[in-house]
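Reviewing the structure listed below.
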Amino acid sequence: MIGYQAENHLFTLHTRSSSYQFMVDPSGYLLHTYYGPRVGGGSFAYRLRQADRGFSPNPNSEGHTRTFSLDTQPQEYPSSGVGDFRIPVLEVENADGSRAADLRYQSHVIRSGKYALPGLPAFFAQEEDAQTLEITLEDPVTGLRAVLYYGVIESRDMITRAVRIENAGDKPVALTRVMSLCLDLHQGDLDLITFDGRHTGERHPHRRRLAPGIQMVSSTRGATSHQHNNFIMLCAPDAGETHGWCLGAALVYSGNFEAAVERTQFDTARMTLGISPWQFRFTLAPGETFTAPEAVMIFSREGFSGMTHQFHRAIRDNLCRGEWAHRRRPVLLNTWEAAYFDFNSEKLLEIARCAAETGVELLVMDDGWFGTRNDDRGGLGDWFVNEQKLPGGLAPLVHAVNELGLDFGLWIEPEMVSEDSRLFAEHPDWALRIPGRPATRGRSQLVLDFSRTEVWQYVYAQIKKVLSSANITYVKWDMNRSLTDVLSAALPAERQGEVYHRFVLGVYAMLEQFRKDFPHILLEGCCGGGGRFDCGMLYYTPQIWASDNTDAMDRLLIQYGTSFCYPVSVAGSHVSAVPNEQTGRVTGLDTRAAVAMAGTFGYELDPRSLSVAERQQMRLEIDRFRHLYDLIQYGDYDRLTDPFAPGPFTAWQQTAPDGSAALVTVVTGMARSNDAFATVYPRNLLPDALYSVNGADAVRGDVLMYGGIPLPHVGGDYRAMQFELTRKG
Ligand code: GLA
């Protein structure tokens, strides 16, 4: 609910359990007053305090009053170049070379329903569950306008933000920094949590106390990156999983980003989130507009798990679209680690036959089926079937696989081109390259200039033809290198700072076209695993391959970090062969299955190499996953331990929203001789209800939560246990 009090120009945005408030001051500045637990009403304007602070200048409109400074006031969308020295939110270069913008309130509208953004992903909601506030700010000198969008998705505790910049003046203006979100909190003694890592080790959480100055994570790779996720958290220093307040903020975008928090001289904090300003420069001719992507926030006073539950619901119900958003996802077998580039129809059929016996529902043919793609040096861009490997094209193979009772899916990497390809020979200027400078290679490939509509449309037309040639029900959309040599042959020199963003818009446009033309195809995103794992992609692909690392023990760390924001239903996770390809570690098939069940669940191995007993076990595990499907995919997810902290095991829990069932999964670390008794403590059960644990006599929920479940001594390293809790009364 969005409330507006005209007499004191106060806006209050209420979600189910949080409130967000700001006001327009007499000079037209938007001053932030509160973000925290929901309040029944009232004004927090009394929190805005003023003092004469040395070296904090005063707007001219204040006359000679020295106590009001943009440098010290908490603001919603601060101006730059006119007296606020904290981390900037909007930076412009005006036609006269000046770098100032002074945005003042003009008007606002409140409407029901949630705004959408043209060409950009955004959360959505039922008309009755959401409201939009649009505030127009204007610079009185240049005529530059910023339209701030606030969305409130009440049931999800979500506040969304986006900004449209309009050049309403009569001269061009260049935007050099446009953040989507600014949050000026009144306290600075906070912890920042970011989710960082590397290829095959994504989204490991890092928590630190804010120090004075700016702390920042960003990506300049053209995609969200393996190195830093565009979801971050701020929390009270004493906050944990079940207590203390925290807030999470995510950028609904898949390109370069910057997330920064500044602890200021007066111990307040400014958080900003948006497109990275690195190499960013977007020119607006008079009348032109630029829309910055959406950023979303969820506040919880009940610790991290409260925030996580709401993010998970919002991503599942208010971001993932299309028929697959809520449809039962198939248990798939992907051929990558089973065959790499070395396959043909016959081999795939043998794998399919074997997979069918174990209960797998979908065979995914990964990289290597097109052009001259026999290794990772060539073929990208040539999206036609390699008939030496697959005689007669896709149709006969897919038909035969379907006959075995399996659906069929395939891998694509549309944004890339190999120099050794027909596409590159015909259109060398379609790759991002700097004329006269040898192009930097990544995985031996170049990046196509998706900022050009004709480029992605050409690639799409080829892919569409292939997809239309057979019964394809799944596509894995990959992206296997970072962007370099970013120069578009189609744009003049002064517009090259737009290419990174226009590239992302091109990717989104193709994804949108894909979804329209193939609504029945399940799309899975991928970027060398989890290099583009973000809310932007999830608007188009309801699941994303979480990491190229399939080692069960490493996955515990990756999936733990991923779970803070992203639900199990979007995290691609597979059982692979041992010794593991990435780590060389050996873990049991049951352990690998238990870990993959904290994701979409599938296989990434050659079933022919398994023993009969292992295949039987695989069948049992697939059956078990099917039986637990709703609990796993739609249950409220709780992290029961922190796998980065020392301890004998890692555990997590999924609980049916009505408390009728729960699944507790435990994976032990390295065995120790004569070790202490271990106990896992479930959460989130109904205290008065009776639960049976794995079929044993029923016990009260509160007894289980406070007394815990004793873990049997199983012996050996990396052992998994699952406890199914079923309500009996
Ligand atoms: C990336 C993906 C893998 C696989 C290969 C194929 O690394 O993350 O899963 O598809 O590409 O080349």
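A few notes on this one:
- The three principal axes of the Cα atoms in the range 170-211 give end-to-end lengths of 48, 35, 15 Å, sorted in falling order.
- Cα long-axis angle, helix 552-563 against the chain (0 to 90 degrees, to the nearest 10): 30
- More than 22 Å apart - percent of Cα-Cα pairs taken over the range 536-690: 44
- Cα centroid separation - the range 587-611 against the range 303-329, whole Å: 24
- Extended-chain gain in nm, criterion 0.36 nm per residue less alpha-carbon gap, Ala493 and Ala100: 139.1 nm
- For Lys114, nonlocal amide neighbours, meaning residues 5 or more places apart or on other chains whose placed amide H falls under 5 Å from its own, are Ala125.
- Relative contact order for the range 434-549, counting Cα pairs under 8 Å that sit 6 or more residues apart, in percent: 28
- Cα shape, the range 484-567, gyration tensor, a/c 1.5 rule: oblate
- Within the range 289-331: backbone nitrogen closer than 11 Å to the Leu117 label point (7 Å, Cα to C-beta): 291-296
- Under the Karplus curve 6.51 cos²θ - 1.76 cosθ + 1.60, θ = phi - 60°, whole-Hz ³J(HN,Hα) for the range 100-112, x wherever Gly or Pro sits: 10, 9, 10, 8, 10, 4, 10, 6, 8, 9, 10, 9, 7
- Estimated inter-spin distance, Leu690 and Arg38, nm [label 7 Å along Cα→Cβ]: 3.5
- Positive-end residue of Phe370, Trp336, Ile315, charge dipole of the range 314-390 with Cβ unit charges: Ile315
- Structure note, pairs Lys347/Lys464; Lys464/Lys516; Lys114/Lys171: Cα-Cα distances above 23 angstrom occur for Lys347/Lys464; Lys114/Lys171.
- Euclidean distance between Cα centres, the range 13-46 to the range 699-717, Å: 45
- Here the Karplus relation 6.51 cos²θ - 1.76 cosθ + 1.60, evaluated at θ = phi - 60°, turns the backbone of the range 71-78 into coupling constants of 6, 10, 7, x, 10, 8, 8, x Hz, with x for every Gly and Pro.
- Take the convex hull of the alpha carbons in the range 448-503; its mean projected area over all directions comes to 4.7 nm².
- Shape category assigned to the range 231-319 from the gyration tensor of Cα positions, a/c cut at 1.5: oblate
- Semi-axis lengths, Å, the range 299-389, gyration tensor of Cα atoms, sqrt of 5 times eigenvalues: 38, 18, 13
- Selected from Phe503, Val612, Tyr681, residue furthest toward positive end of dipole (the chain; charges at beta carbon): Tyr681
- With Cα atoms, 0 to 90° folded angle of helix 303-318 axis to the chain main axis: 80
- Rounded to the nearest whole angstrom, the semi-axes of the ellipsoid equivalent to the range 681-729, taken from the Cα gyration tensor as √(5λ), stand at 22, 11, 8, largest first.
- Amide H contacts of Gln543: Gly525, each under 5 Å away and 5 or more positions distant or on a separate chain (H built 1.01 Å from N in the peptide plane; Pro and chain starts excluded).
- Were the residues from Asp630 through Tyr4 laid out at 0.36 nm apart, the gain over their Cα-Cα distance would be 221.3 nm.
- Ranked packing of 334-344, 214-224, most packed first, by mean Cβ within 10 Å: 214-224, 334-344
- Computed packing ranks the peptides 58-64, 48-54, 663-669 as 663-669, 58-64, 48-54, most packed first, by mean other Cβ atoms within 10 Å.
- 0 to 90° range, to nearest 10: angle between helix 453-468 axis and the chain longest Cα axis: 30
- Rounded to the nearest 500, the 222 nm mean residue ellipticity of the chain from helices alone is -6000 deg cm²/dmol, with -39,500 (n - 2.57) taken per DSSP H run of at least 4 residues.
- DSSP beta bridge pairing in the chain, given as percent antiparallel to the nearest 5: 85
- Compared with the direct C-alpha span, the chain from Asn471 to Thr726 gains 87.8 nm at full extension, assuming 0.36 nm per residue.
- Long-range HN-HN contacts of Arg177 with modeled amide H, under 5 Å: Glu91
- For the range 587-662, the orientation-averaged shadow of the C-alpha convex hull comes to 6.0 nm² (one quarter of the hull surface).
- Placing a pseudo-label 7 Å from each Cα along the Cα-to-Cβ vector at Arg353 and Lys516 gives an inter-label distance of 4.4 nm.
- Sorted peptide list for 115-128, 518-531, 346-359, 266-279, criterion being average Cβ within 10 angstrom, highest first: 518-531, 266-279, 346-359, 115-128
- Of every Cα-Cα pair in the range 1-155, the percent that sits beyond 25 Å: 36
- Across the range 513-554, the relative contact order, built from alpha-carbon pairs under 8 Å that are at least six residues apart, equals 38 percent.
- Rounded FRET efficiency, nearest 0.05, which uses the C-beta distance separating Ala236 from Arg53 and R0 of 22 Å: 0.25
- Computed log10 I(q)/I(0) for the range 645-724 at 0.12, 0.15 Å⁻¹: -0.35, -0.54, from the Debye equation with unit scatterers placed on every C-alpha and solvent omitted.
- Its relative contact order, with pairs defined as Cα atoms under 8 Å and 6+ residues apart, puts the range 557-630 at 31 percent.
- Note on the chain: with charges restricted to the Cβ of Lys and Arg (+1) and Asp and Glu (-1), its dipole about the Cα centre is near 440 debye.
- Rounded if a/c under 1.5, otherwise prolate or oblate - the chain, Cα gyration tensor axes: oblate
- Projected-area average for the range 374-441 over all orientations - Cα convex hull basis, square nanometres: 5.7
- Sorted from greatest to least, the principal axis extents spanned by the alpha carbons of the range 112-262 come out as 48, 37, 34 Å.
Bear in mind that the values in this text are calculations on the coordinates, not laboratory data. No experiment lies behind these values; they were computed from the predicted model shown. Virtual Cβ from ideal backbone geometry, glycine too; neighbours counted across all protein chains shown.
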